[in-house]
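The values are calculated or read from the model by the stated rules, or taken from the named source; none is laboratory data. The structure presented is a predicted model; accordingly, all values stated were derived computationally and were not measured. All Cβ positions, even for glycine, are placed from backbone atoms using ideal geometry, and neighbour counts span all protein chains on display. For accessibility, only protein heavy atoms count, side chains too; no ligands or nucleic acids. Shrake-Rupley method; radii C 1.70, N 1.55, O 1.52, S 1.80 Å.
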Amino acid sequence: MKKFIETLKNCWRIEDLRQRLLITLLFTAIYRFGSFVVLPGINPSMLEKLQSQTSGGLMSLLDMFSGGAFSNASIFALGIMPYISASIVMQLLAVAVPYFQKMQREGESGRKKINWYTRLLTVGILVFQAPSYLLNLKAQASAALASGVSWTAFIISATIILAAGSMFVLWLGERITDKGVGNGVSMIIMIGIIARLPQAFIQEVGSRFSAISGGGLVMFIIEILILYAVVCASILLVQGVRKVPVQYAKRLVGNKQYGGARQYVPLKLFAANVMPIIFAQALMFIPLAFVRYNNEGSTWAHSLMDTQSLLYNVIYVFLIIAFTYFYTAITLNPTQMAEDMKRNNGFIPGVRPGKDTADYIDTVMSRITLPGSLFIAFIAVMPALAGLLNVQQAFSQFFGGTSLLILVGVVIDTIQQIESHLLMRHYDGLLNSGRTRGSVSAY
């Protein structure tokens, strides 16, 4: 505790770091304030049904990522998720479309063009999502709409406000990245997730000590231990495993001479990082665009929107495994790795250089990708497994899945940036072990 307090003092002594931390706090406070500003023409006291709708299923995830703005009918109700969806689409286009592939290889100018296309796509998604949100708002809380207000005028004005609100949230995130600490867009999502944690924790404590759920202190301690284990596993996943399993690593020793040391071929157990979960989660949100939450639609459609259902989790696991193989294939090119090894006079003992080496690396990657994908899938479905232990749904979202991985990833990245400032000025870092390995931001 003494070391932590001293580290905070050191952060305050460094003028540049102090300004960055204050700017980050200011912009996140603006975001939290905006999540409580209700759309014009809406009575906030009449939103009980909407808030009940967002207490479970996929809608609860959307509300969590928006920091509660979704259930508050706020001007930030759509949050940053349209931009995340647009970013995922652009990443896929950069793999499949030659025009965007060329643009990606153009360096800084290409990155600016891709960002511009991403913003245009974000606006297009907002133009579609905003009216859908308003139609759902009318179905769930029609009494909240002020009397005498034309529905046509309201939906046009509210669509503009929602779209502008999301783009303003994106602007806040970019300013945090440029002038604050951490990745701004990821920080915005993390703040929204953390905002739900105190209430979820209090509800879980009350549930465990009530006569209905039972379990008492013993079950609550077991929950905390399981949560701790899942957090540790998530840190392992986010930071990545730098070497392949022993049975493969022993055979993947090349003969590259860097200071006389033989090097491992740079393969990772979690080469795809957290991207498969993000891609899969984005696809699992699709049913929300076609089935309204007013008890319409078939039973299987509603099962797809229930994060605790068997159908949802089976499809979710399948998508995660498929995206793990897909993302690993596009990020690691065995042919390119084989050519680089040959160019640097490296080789794999017992394997011919060139095509044989590429085939061998591809085989090894296929073998280690399967356990990696199963581990990622296990982390993703932990909230559903926690539900089997009668954990409240709001609290179970912190047992794994996208929310926990975002929390872990953003915290690691932020700690790394703060440590960089401290170590650059010869202060002690936040951790005794020195600098942390940052994760690759998904946004």
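Taking the Cα centre as origin and putting +1 on Lys and Arg beta-carbons and -1 on Asp and Glu beta-carbons, what dipole magnitude results for the stretch 74-218, to the nearest 20 debye? All intermediate terms of the calculation are to be shown ahead of the outcome.
Details: 11 positive and 5 negative charges, 49 e Å.
With only Lys, Arg, Asp and Glu charged at Cβ, the dipole is about 240 debye.
Nearest 20 debye, what's the magnitude of the dipole of the stretch 290-416 about its Cα centre given +1 on Lys and Arg Cβ and -1 on Asp and Glu Cβ? Write out the running numbers ahead of the final one.
Details: 6 positive and 8 negative charges, 38 e Å.
Charge dipole of the stretch 290-416: 180 debye, to the nearest 20.
Among 332-340, 221-229, what's the highest-first ranking by average C-beta atoms within 10 angstrom per residue?
Details: 332-340: 16.7, 221-229: 13.8.
Packing proxy ranking, top to bottom: 332-340, 221-229.
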By how many nm would the segment from residue 355 to residue 105 lengthen if fully extended, with 0.36 nm per residue of separation less the alpha-carbon distance? 87.5 nm
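Please compute the length gained on full extension between residue 424 and residue 25, using 0.36 nm multiplied by the number of residues separating them and subtracting their Cα-Cα distance. Provide the component values of the computation, followed by the final result.
Details: separation 399, 0.36 × 399 = 143.64 nm, distance 2.27 nm.
Value of the extension gain: 141.4 nm.
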Measuring from label point to label point, each 7 Å out along Cα→Cβ, what is the residue 226 to residue 330 span in nm? 3.5 nm
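Could you pull out the trypsin sites (Lys or Arg not before Pro) across the stretch 48-123 that fall in loop regions by DSSP (anything but H, G, I, E, B) with no more than 10 other Cβ atoms inside 10 Å? Intermediate values should be presented prior to the final figure.
Numbers: sites: 49, 102, 105, 111, 112, 113, 119; in loops: 105.
Those that pass, being in a loop and sparsely packed, are 105.
Calculate what fraction, in whole %, of the accessible area of the stretch 1-103 sits on carbon and sulfur atoms when a 1.4 Å probe is rolled over the protein chains. Please list the in-between numbers first.
Numbers: 3260 of 4800 Å².
The computed percentage sits at 68.
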Could you sort 128-134, 56-62, 347-353 so that the peptide with the highest average Cβ count within 10 Å comes first and the rest follow in order? 56-62, 128-134, 347-353
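In whole percent, how big is the carbon plus sulfur part of the accessible area of the stretch 161-223, probe 1.4 Å, protein atoms only? Mind showing how you got there, number by number?
Numbers: 2000 of 2700 Å².
Whole-percent figure for carbon plus sulfur exposure: 74.
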So for each of 143-150, 37-44, 199-206, 274-281 I average, over its residues, the number of other beta carbons within 10 Å; can you give me the resulting order with the highest mean first? 274-281, 37-44, 199-206, 143-150
Label-point separation in nm, residue 13 to residue 283, each point 7 Å along Cα→Cβ: 5.2 nm
Pop out the ³J(HN,Hα) list for the stretch 221-226 in order, Karplus 6.51 cos²θ - 1.76 cosθ + 1.60 with θ = phi - 60°, rounded to Hz; leave Gly and Pro as x. 5, 4, 4, 5, 5, 5
Based on the Kirkwood radius over alpha-carbon pairs, what is the Stokes-Einstein translational diffusion coefficient of the stretch 57-182 at 37 °C with 0.692 mPa s viscosity, in µm²/s? 204 µm²/s
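Which of the residue pairs 113/355; 138/179; 49/179; 113/179 have a Cα-Cα distance greater than 29 Å in the structure shown?
Values: 113/355 36 Å; 138/179 39 Å; 49/179 40 Å; 113/179 22 Å.
Long pairs (Cα-Cα over 29 Å): 113/355; 138/179; 49/179.
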For the stretch 30-89, accessible area per residue (1.4 Å probe, heavy atoms of protein chains only), Å²: 31 Å²
If you stretched the chain out fully between residue 49 and residue 179, how much longer would it get, using 0.36 nm times the residue separation minus the C-alpha to C-alpha distance? 42.8 nm
